[in-house]
Structure formats: structure tokens, C-alpha cells
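Below you'll find the structure, written out as C-alpha cells, and then a few comments.
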Amino acid sequence: MLKRISKTSFINLRSICLSASHRQQQLEQENAPKKLREEVLLHPDYFKVHNLFTVKDLFDARVHFGHRDGSLDERMLPYIYGSRLGHIIFDLDKTAEYLRKALNVTAHIAYRDGVIIFFQRGAQNAYLVEKTAKECGEFAHTRFWRGGIFTNATKQFGCVTRLPDLCIFFNTLNNVLIQHTAVRDAAKMLIATIGIVDSNCNPNLITYPVPGNDDSPASMELYCKLFKAAIFRGKEKRKEHIEQNIYLV
Amino acid sequence: MILRQIMRVVHPLRPVTLQKNILAGINGSDSYSTEIKDSVPQEEPTKKNISKAMKAYLERAKEHEDFMQKQREEFQIGKRHLANMMGEDPETFTQDDIDHAIEYLFPSGLYEKKARPLMKPPEEVFPQRKAAEFDESGRPYHFLFYTGKPNYYQVLHDISHHLIELNKFEDSMIRKKIQPDPNLALDLSGYQWIDKESLEEKLVETIGDKDYEYFINCFVRLTAVPYAYKIKDFIFEYTEPLLNQVQTYDAVKPHIDSDGKQFITVYECPRKAARGDVTIRFPGTGKITINNQGITYFEDVQSREQLLFPLIFTDMLNKVDIECNVSGGGPSGQAGALRWGIAWGLRSFVDQDIIEKMRIAGLLTKDYRTRERKKPGQWGARRKFTWKKR
């Protein structure tokens, strides 16, 4: 909560900065698009993804529940709060930080018309993820991963294919033991990844890991809602800027 | 490139350093903004960006179009040559004429029709190419494109969608204490799931055996839901009738002769080397005439039984008159030919159930077997000469 307060005071500061930059934009009309790009990229939270959720929302969606402590991956230690009745509990303040960072990146990629793909293994939540992807106008892969979709794309699809610009993993494990091969392949192809990492996952290959529960439907619905909202914010902004003729590729 | 730029996105978690950067930009000391200006190439906002994928596709499409154009021209020239060879007008030379000309000029005894020489428009000879699956920016159209089998997985997605909707509906009905109507229950008897080949054709994708099995299991699960009849259309899209090859030809309506009797004539009744034609008159007294003789035309009992079998089977004995002409072959072939002709003709005088019974009894099936020729170097068609090693 303390951190949140500091952030709101920061937002006030930023609005002052924004108005200052606004004045300067009026002075330099011809440089407007360039300035805008700088503003979008330099802004700490241009799409205001920080107000999409609160720590309370995370708690209500049971994001803090990890797996049993016997299955803990040591690389997840920095993100956990402790263990209760044999189960890992995540530090939701940290989760919120990382999730905001991930949502910000998502919104930026959507703003730049990047291709975003959702991953999820396991039948329980697959439909939800596919539905979310469809609603966002993005892509989903919730099935068995045939090796080489990223690393051998030209052969696999029979022609030169544009690969995704961002992979969002709603869980990074195929089953309880094996990591999803796409995590490795995305790292090989330098594709940025966002991954919900549970207490038994390895966050090292994920560009933007988000520690949290990766299998309960409640938390999965929350993640889907949040990422969908972030993508919509990015796309709306893009549309707006294209209409005003100030969007610059 | 997007990535590299996005990497510059400011982390919301490091407010202090960022503030500094923004302020620096505003004050015009500008070290940060000039750096961006250098690293990011400036592009005209009006310039249309075409992705590498689209560029490659357009190249391939153009290549293919050129090739097809060349083939089309060659086909036209060939067609004119052929018409001239056959002494006909090249302008009005149709595809049927081409087929006849090819058959005449290049007679082929090959059994497989595909292996025989042919001349067809290039559109029919070369397979259709898949259209681009992505737009100018390289963004695929289908949301499951990256699975590699978007259409197959789309069907699975639809199945789970329907399953969830039906379960919701069932819950609401249970809450209202309404039972599903047993009269409306989905009846799939007489239908089967489409086979793998037709599914592949339908989806325009190759799928594995396991995928097909999974597909069937999903549908079986879907049809087990009590309210499955609500999505009948979706389910029947992936079924086919079980008895699709059972197709009895409609019986011809009988003619009326000068005496006011109904009659039907079946020509060209085949069996072995025998050919015959059969006329059936109704009503009649059971008179049978074969080549102007009675049933005694056949000397053996078996042949006579053969002849009478369809009449006994349909209970039409002594109710119709039969006149036959038959030639060629021996008695059993002739009897078989007449048997088929009588059965075929009787369809016009009996009801649908009996026709179905006749079909099941095999009365309506032509027997195309004929004598196999003798081979040189052996005793008969198959039998070899007696041969002793020493």
C-alpha cells in the first residue's frame, strides 16, 4: 500500500511534466509526431495500466496461492512471502509491480501493432484463453507445441511468416515437470515473453515474469481480463493517433 | 524492430530516474532525446509498410501467375492444332471435342483413367494454391494461425464453446425444474462421423490419426449432452448418412397396352454370355412364355426355379404374365438373365418394402461375372498343365 501512495504522488508529478511538454509541443508544430513518439516511449505508464487492478483484486482472485512448498523452484524465492499450511504464498506487492510492468509492455506492443500470442497448456483454461485472444484480435496456442513453429517457421508454414512480437504465457509448464518448449524457442528467436510463473516454475528465460498462481480459473480470468484491457488500451490509442494523423511507425 | 524500441519503454517501477529523463527532455539539455533520434530510423508516415512475409508471398503469387499464363497460352495453341488435325473449326472446338480427339489420336488400353493421355485447361491440371493467410503487415487472419492447423483447432474451439453454452443452458433448466424433452433428443442412428479423408478435405488441412481420434471423442462427448439437439446443425455438419450407397433406382411407371393391361419391358438383361428382354403384364394369370415356348424351354429344374424365384419371393406368381426373349449362353446363364429381368421389372408392381427386401435378397444386383479366357501355356484360365520335375 505504501508503494501505491508513492506512485500516486508520482503521477501528479508526471501530469505536471506532461503539461510542460504540451506547451513545448505547441511551440514546435512540425516536430509534433516525433515528440509524441518520445512522449509515448519515455512515459513511465502512458496507457495508465496501473489503474487496471489493485492488490486487493489479486488477492480476491487467489493469485497469491502457490504450489506445495516441496515443489518450490529456488529461483522463485525472491517473489514469495512465505509458506502457510505447506503451501507457498506469493508476495502480492511484488506480483503487482511485475504485472504492471508486463501490462505496460503489452499495451505498448499492441500500440505498435505487434503480434501477440497467448499460450496456455491444460484443458481447464484453454477455452478461456482462446476466447480472450479472439476477442482481442490476437492469437492463441493452447495445444501441443510442434517443435519448430518459431525456429523453423518458413518450413512449417510453407512460406516466410511473420513471427509474434510478444508471447504471453498463462502458464509456463506443459505439465508439473516440463517447461513449455515455446519458452525456449521464443528466447532463441529473441521474442519477448511475459509469463505467469508459479512457485514450481523457472522464471529465468521469461523476459517479464509475473509471479502468481497459474492454474485456478479465478486468477486465470483476472489475467485474461487484464491483458485484454491492456491490449485494448494500446489499440485504441493507436487508432486515435492514426485518425489524428500523428502516429509514426 | 518493435522489440528494440519497446525495450526503451520506461519501467514504471523506477520513477526517480525516469522523472529525470523527462525533465531533461523538456529542459532541452536533450542528451536522451538526441540519442533516440539517432537510433530510430526516421520514416515517412505516409509510406505503406509491407512485411517480408507479404513480399515473399506476392513474389510467389506473381511467379505462379506467370507460369499459369504461359500454360494457358500453350493450351490455346494446342487446342487449335488439335482442331485443325481433326478438321474442325478451332473457334467452336469444345472440351468434349478435345477429349474425343485425344482418345482417337492416342488410344490407350491402360486401366487407370488417370494414366491415360489427357489435355485439359491448366486450371484443372495444376492444383490451386492456398491464398495468403495474412495481410500486408504480415499479421495472420486466423486467431489460431500459429497452431499450424487453424481450421482443425477452430472446430475443437467451437465444440468447447457449444459444450459450455449447453451446460449453462442445462443448469438454467434444472433451476426451473424443466426436464429435456425426450422426443427432441438427438438421434444419430443412421449417421456416422465423417471419415478422416473427408474431414481433411473439408478443413483443407492434413491431420494425424490421433487428431482425428480426438475430434471424434470430442463430438461423442458433445452429443452425450441432454440438450445436444439445440446444436443439431453444427453436429450434422460433421456426419454423413450411414446408408449412402444404398440407392435403388426409382421404378418406372408401367405403360398401358391396347387391352388396358399394365406392362413393363426390361431390355438387355445380362448374365454370363446370355442377353434377354422381359415383358411383364399385370394383371395376368401366370402364363410364362420364353422364346415362344412355355417354362419347359428350360429342361432342368434348377433353371426353372431360378426363373420363378422372384415371382415367389414377391408373391406375384399367377398374378402376372411374362414374355421373354433370350439368346446366347447356356441354360443357367439364360435363366439368370431372365431372373434379373423379372425382378427388375416387378418393382413397378410391388410396394417399397418388398423392393427393399428384394434388394437385400440380392435380386436387383446384376451379376457381371463372365467366363475368364484360357491362357496359352496352361490348361485353362487358371489351371496349369501337369508337370513333373523329373
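Every condition in (1) over 30 Å from B:Asp66 (Cα atoms); (2) open to solvent by less than 60 Å² (accessible area, probe 1.4 Å) is met by B:Asp195 except one, and the failing one is (2).
Please tell me if A:Ala230 is out of contact with any Ser or Thr (no Cβ under 6 Å at 6 or more places or on another chain), closer than 24 Å to A:Tyr127 by Cα and touching a residue at least 60 places away in the same chain (Cβ under 8 Å).
Details: out of contact with any Ser or Thr (no Cβ under 6 Å at 6 or more places or on another chain): no; closer than 24 Å to A:Tyr127 by Cα: yes; touching a residue at least 60 places away in the same chain (Cβ under 8 Å): yes.
Judged against the criteria, A:Ala230 is not a match.
Among the residues here, B:His142 does not qualify as touching a helix residue (DSSP H, G or I) at 6+ places or on another chain (Cβ under 9 Å), within 20 Å of A:Lys134 (Cα to Cα) and at pLDDT 90 or above.
So if I check each of A:Phe119, A:Phe170, which one is within 11 Å of chain B (Cβ to nearest Cβ), open to solvent by less than 10 Å² (accessible area, probe 1.4 Å) and modelled with pLDDT of 90 or more? Let's see the steps before the verdict.
Numbers: A:Phe170 fails: within 11 Å of chain B (Cβ to nearest Cβ).
Going through A:Phe119, A:Phe170 in turn, just one is within 11 Å of chain B (Cβ to nearest Cβ), open to solvent by less than 10 Å² (accessible area, probe 1.4 Å) and modelled with pLDDT of 90 or more: A:Phe119.
Considering the stretch B:174-186 alone, what residues qualify as being open to solvent by less than 100 Å² (accessible area, probe 1.4 Å) and either farther than 17 Å from B:Ala224 by Cα or not in a helix (DSSP H, G or I) (or both)? Within the stretch B:174-186, B:Ile178, B:Pro180, B:Asp181, B:Ala185, B:Leu186 qualify.
Each row is one residue, and each column tells you yes or no for (1) under 30 Å from B:Ser51 (Cα atoms); (2) open to solvent by 30 Å² or more (accessible area, probe 1.4 Å); (3) touching a helix residue (DSSP H, G or I) at 6+ places or on another chain (Cβ under 6 Å); (4) at the interface with chain B (Cβ under 9 Å from one of its Cβ atoms).
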site: A:Asn51; (1), (2), (3), (4): no, yes, no, no
site: A:Ala61; (1), (2), (3), (4): no, no, yes, no
site: A:Arg75; (1), (2), (3), (4): no, yes, no, no
site: A:Tyr98; (1), (2), (3), (4): no, yes, no, yes
site: A:His108; (1), (2), (3), (4): yes, no, yes, yes
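Residues of the stretch A:22-37 include none that is outside any strand (DSSP E or B), more than 14 Å from every other protein chain (Cβ to nearest Cβ), modelled with pLDDT of 90 or more and more than 23 Å from the chain's Cα centre (by Cα). The test for being modelled with pLDDT of 50 or more and either open to solvent by less than 40 Å² (accessible area, probe 1.4 Å) or under 39 Å from the mean Cα position of the chain (by Cα) (or both) holds for B:Ile98.
Selection within the stretch A:145-154: residues that are modelled with pLDDT of 90 or more and open to solvent by 10 Å² or more (accessible area, probe 1.4 Å). The member of this set that is farthest from the other protein chains (Cβ to nearest Cβ) is A:Thr151.
Quick one: is A:Asp113 in contact with a helix residue (DSSP H, G or I) (Cβ under 9 Å, 6 or more places away or on another chain), at positive phi and within 14 Å of chain B (Cβ to nearest Cβ)? Yes: the conditions hold for A:Asp113. Determine if the stretch B:244-260 includes at least one residue that is polar (S, T, N, Q), surrounded by 10 or more Cβ atoms within 10 Å (Cβ to Cβ) and farther than 18 Å from B:Leu363 by Cβ. Looking through the stretch B:244-260, none of the residues is polar (S, T, N, Q), surrounded by 10 or more Cβ atoms within 10 Å (Cβ to Cβ) and farther than 18 Å from B:Leu363 by Cβ. Restricting attention to the stretch A:126-137, the residues being open to solvent by less than 10 Å² (accessible area, probe 1.4 Å) and within 7 Å of another protein chain (Cβ to nearest Cβ) number 2. Name the single residue, out of those in the stretch B:49-64 being open to solvent by 100 Å² or more (accessible area, probe 1.4 Å) and free of Cβ contacts under 8 Å to residues at least 40 places away in the same chain, that is nearest to the other protein chains (Cβ to nearest Cβ). Here the residue is B:Lys55.
Could you list, in sequence order, the residues of the stretch B:265-293 that are charged (D, E, K, R) and either in contact (Cβ under 8 Å) with a residue 40 or more places away in the chain or loosely packed, with under 13 Cβ neighbours inside 10 Å (or both)? Lay out the reasoning, then the answer.
In the first step, residues of the stretch B:265-293 are kept if they are charged (D, E, K, R); the result is B:268, B:271-272, B:275, B:277, B:281, B:287.
Those that are charged (D, E, K, R) and either in contact (Cβ under 8 Å) with a residue 40 or more places away in the chain or loosely packed, with under 13 Cβ neighbours inside 10 Å (or both): B:Glu268, B:Arg271, B:Lys272, B:Arg275, B:Asp277, B:Arg281.
For the criterion of being surrounded by 11 or more Cβ atoms within 10 Å (Cβ to Cβ) and in contact with a Ser or Thr (Cβ under 6 Å, 6 or more places away or on another chain), B:Gly138 passes.
Within this structure, A:Phe157 fails the test of being at the interface with another protein chain (Cβ under 9 Å from one of its Cβ atoms) and open to solvent by less than 10 Å² (accessible area, probe 1.4 Å).
The values are calculated or read from the model by the stated rules, or taken from the named source; none is laboratory data. All values reported here derive from a predicted model rather than from experimental measurement. As a convention, Cβ positions derive from the backbone with ideal geometry for all residues, glycine included, and neighbour counts pool all protein chains shown. Please note that ligands, DNA and RNA were not included when accessible areas were found on the heavy atoms of the full protein model with its side chains. Shrake-Rupley method; radii C 1.70, N 1.55, O 1.52, S 1.80 Å.
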